[in-house]
Amino acid sequence: MVEPIPDEELEYVTLHEGVDVNSFSCRSKPEEIDLEEFLKEDALRCQNSFFSVTRVVFWGETLVGYFTLVTDCIEKEEMIRGDRIKGYKYRFYPAIKIARLAVHDNYRHRGIGTNMLIEIFSIVGDITENVGCRILTVDSKPTSVEFYEKSDFRRALVTPEDPPKDTIPFYFDILHIIKARKSL
């Protein structure tokens with residue numbers, strides 16, 4: 001069994017021109033090759049165009065993971081009835097989307113993905129102090145479904161007319177995280 005990497009040993013850096021991403025490898029699962037390609041070919045351009053923000057994660061000098069966040073929305077009908085927010089009269093809930101989340105092949109199963117989720121929760125908590133938003137969404141690769149389910153994400157409902165996708169949509173209501181931050 002490989003030892004988990006403690007969160008305090010991870011450094012989160014917003015992607016910028018001085019960050020060398022060429023050492024990042026995410027090719028052990030063929031369906032995740034696009035995650036590596038995005039980081040190396042598109043992430044900085046998308047960020048400079050204000051379409052997304054990518055944070056890279058270092059353990060010492062080694063780039064061990066990254067995640068990208070964008071704005072999103074989720075339709076009420078995509079949420080389980082009991083999860084819908086009572087009294088909210090609009091059709092869509094504002095959301096933040098985890099557009100990408102990847103761990104370097106050599107550092108999987110060491111807690112980095114979970115630590116990145118904790119960092120994402122913190123970022124979304126910060127955002128809610130200035131912008132109304134309560135839902136976190138992600139379109140999971142099939143190989144990552146278990147990870148999101150273990151992290152208490154809920155599978156979004158899809159309708160029969162929805163075209164089939166290569167990903168599975170999930171959502172997470174961050175209300176308890178927002179309340180916990182406000183009570184500190």
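The values are calculated or read from the model by the stated rules, or taken from the named source; none is laboratory data. What you see is a predicted model; the values in this text were computed from it and never measured. Note that we place each Cβ from the backbone using ideal geometry, even for glycine, and neighbour counts take in every protein chain shown. Note: accessible area is taken over every heavy atom of the protein model, side chains too, but ligands, DNA and RNA are not part of it. Shrake-Rupley method; radii C 1.70, N 1.55, O 1.52, S 1.80 Å.
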| remark: Length gained if Ser25 through Leu44 is fully extended, taking 0.36 nm per residue and subtracting the Cα-Cα distance, is 5.1 nm
| Dipole of the chain, Cα-centred, from +1 at each Lys and Arg C-beta and -1 at each Asp and Glu C-beta, to the nearest 20 debye? | 960 debye
| request: Name the residue farthest towards the positive end of the dipole of the chain from the options Val13, Ser183, Ile120, assuming +1 on Cβ of Lys and Arg, -1 on Cβ of Asp and Glu, about the Cα centre. | output: Ser183
| field | Cut-off of 10 Å, at most 16 other beta carbons, DSSP loop: longest stretch of the chain lacking such chymotrypsin sites (Phe, Trp or Tyr not before Pro) | value | 91-184
| What span do the alpha-carbon atoms of the range 98-153 cover on each of the three principal axes, reported in whole Å from largest to smallest? | 37, 19, 18
| Residue-count net charge about Leu63 - beta-carbon cut-off 13 Å; Lys, Arg +1, Asp, Glu -1 | -3
| message | Let me see the P(r) profile for the range 1-102: every Cα-Cα distance counted, bins of 5 Å, each bin given as a percent of all pairs. | response | 2, 11, 18, 17, 15, 12, 10, 9, 4, 1
| remark: Over the range 62-184, the quotient of the Cα radius of gyration and 2.2 N^0.38 Å is 1.09
| query | Residue by residue, what Karplus-based ³J(HN,Hα) values in Hz, rounded to whole numbers, does the range 26-35 have, using 6.51, -1.76 and 1.60 with θ = phi - 60° and x for Gly and Pro? | reply | 9, 10, 5, 10, x, 6, 10, 4, 5, 5
| message | Within the range 5-129, what whole-number % of the accessible surface is contributed by carbon and sulfur, with the 1.4 Å probe and all protein chains included in the calculation? | response | 50 percent
| Using a Förster distance of 22 Å, how high is the FRET efficiency between Arg84 and Glu149, based on the Cβ-Cβ distance and rounded to 0.05? | 0.65
| message | Given the options Leu101, Ile85, Thr68, identify the residue whose Cα lies farthest towards the positive end of the charge dipole of the range 31-112 (+1 on Cβ of Lys, Arg; -1 on Cβ of Asp, Glu). | response | Ile85
| request: Keeping all protein chains in place, calculate the accessible area per residue for the chain (probe 1.4 angstrom), answer in Å². | output: 58 Å²
